[in-house]
Amino acid sequence: MEPKQWYMEYKIHKNRPGLLGDIASLLGMLEVNILTINGVEDRTRGMLLQTDDEEKIELLGKMLRKVDNITVNKLRQPRLTDILAVRHGRYIERDSDDKKTFRFTRDELGLLVDFLGELFKKEGNQTIGLRGMPRVGKTESIIAGSVCANKRWAFVSSTLLRQTVRSQLSEDEMNPNNVFIIDGIVSTIRSNEKHHTLLQEIMGMSSTKVIEHPDIFVRESRFDYDVFDCIVELRNTPDEEITYEKFTTVGLGDDF
């Protein structure tokens, strides 16, 4: 049987000396390897484990439930959020009502870039929405995430340096393995018919598309929110409100 990875997270009620050593010894006796370990949030520890025997994981869970000093919160095959939690020591915030919406602030750009990079490594079709106010770091994070995933990126529309509206892409740029960057306001409000044709072609490709300002994109196009596999929100501060009124009533300039 091929080795599989597992994510274990436990809450510490009494952080007595030797607690981690006892748990590590138990894993060692079961021949379950610890790949990564880190503190996750307050008095919580996360581990990435590896074993070729699922019964050992079941036995581990039963044994740890008898340990009074801890409570096992999660013992499962790792999700992307689990891997990043161990890597960065904290969980990504998710919308309580919409579980496919993930929230970041500007001081978490490292975590955001890592998150996007892991998403971009996935093969096949996916569309990611990215909300945020001007100059918060949206496009830069997408580019950095592409670099982390060792992927090329192609601007379909953008205002990173100046307003960019493409009517065609080169053969190399149309590679489905690329990350396509789309500004939802520029592509739907400030574009032309040739750009719309290109946009429709790219949206129909089995590839990774990242759409900045997804709410305007949905409002001004035939697409709805079901097209998005996930939506990322990036704010300067946790309580910053993301609004679009002035973006769509005045010229875009270079302030996006």
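The values are calculated or read from the model by the stated rules, or taken from the named source; none is laboratory data. Treat the numbers as computed from the prediction; the structure is a model and nothing was measured. With ideal geometry, Cβ positions are generated from the backbone for all residues, glycine too; neighbour counts draw on all protein chains shown. When the accessible area is computed, the model is the full protein with side chains, heavy atoms only, and any ligands, DNA or RNA have been set aside. Shrake-Rupley method; radii C 1.70, N 1.55, O 1.52, S 1.80 Å.
Quick notes on this structure:
- Segment Met205..Glu2, full-extension length gain: 69.7 nm, with 0.36 nm per residue of separation and the alpha-carbon distance subtracted.
- Average accessible area per residue (Å²) across the stretch 1-59 - probe 1.4 Å, nucleic acids and ligands excluded: 57 Å²
- Rounded to whole Hz, the Karplus (6.51, -1.76, 1.60) HN-Hα couplings of the stretch 230-237, x for glycine and proline: 7, 10, 10, 10, 10, 10, 5, 9
- For Ile182, the shell of other residues with beta-carbons less than 9 Å away shows a net charge of -1, using +1 for Lys and Arg and -1 for Asp and Glu.
- Fully extended contour minus Cα-Cα distance, from Gln168 to Ile37, at 0.36 nm per residue: 42.5 nm
- In this calculation the C-beta distance from Leu19 to Arg87 is compared with R0 = 30 Å, giving a FRET efficiency of 0.85.
- Straight Cα distances below 14 angstrom link Lys100 to the aspartates and glutamates Asp226, Asp229, Glu233, with same-chain residues fewer than 8 positions distant left out.
- Among Asn15, Asn178, Asn38, residue whose mean-square fluctuation peaks in a GNM of the chain (springs only between Cα atoms under 10 Å): Asn15
- Fluctuation leader among Arg16, Arg76, Arg219 - the chain, Gaussian network, Cα springs under 10 angstrom: Arg16
- Ligands, DNA and RNA are left out, and with a 1.4 angstrom probe the accessible area of the stretch 65-111 is 59 Å² per residue.
- Among [x] 21.9, 68; [y] 18.5, 52; [z] 16.4, 46, the entry derived from the coordinates for Rg and Dmax of the Cα atoms in Å: [x]
- Cβ-placed point charges (K, R +1; D, E -1), dipole of the chain about Cα centre in debye, nearest 20: 500 debye
- Close amide-amide hydrogen proximity is noted between Asn38 and Gly46, each under 5 Å apart and 5 or more residues distant or on a separate chain (H modeled in the peptide plane; Pro and chain starts excluded).
- Gain on full extension, evaluated as 0.36 nm per residue between Asp226 and Lys74 minus their Cα-Cα distance, stands at 51.8 nm.
- Listed residues Val86, Val67, Val179, most fluctuating in the chain (Gaussian network, C-alpha, under 10 Å): Val67
- Between Glu140 and Asp97, the FRET efficiency from the beta-carbon distance, with R0 = 25 Å, is close to 0.30.
- Prolate/oblate/rounded label for the stretch 1-87 (Cα gyration tensor, a/c 1.5): oblate
- Anisotropy class assigned to the stretch 112-210 is oblate, per the alpha carbon gyration tensor with a/c at or over the 1.5 cut-off and a/b no larger than b/c.
- Sequentially through the stretch 212-220, phi angles give Karplus couplings (6.51, -1.76, 1.60; θ = phi - 60°) of 6, 6, x, 5, 5, 4, 5, 5, 9 Hz, Gly and Pro residues having no value and appearing as x.
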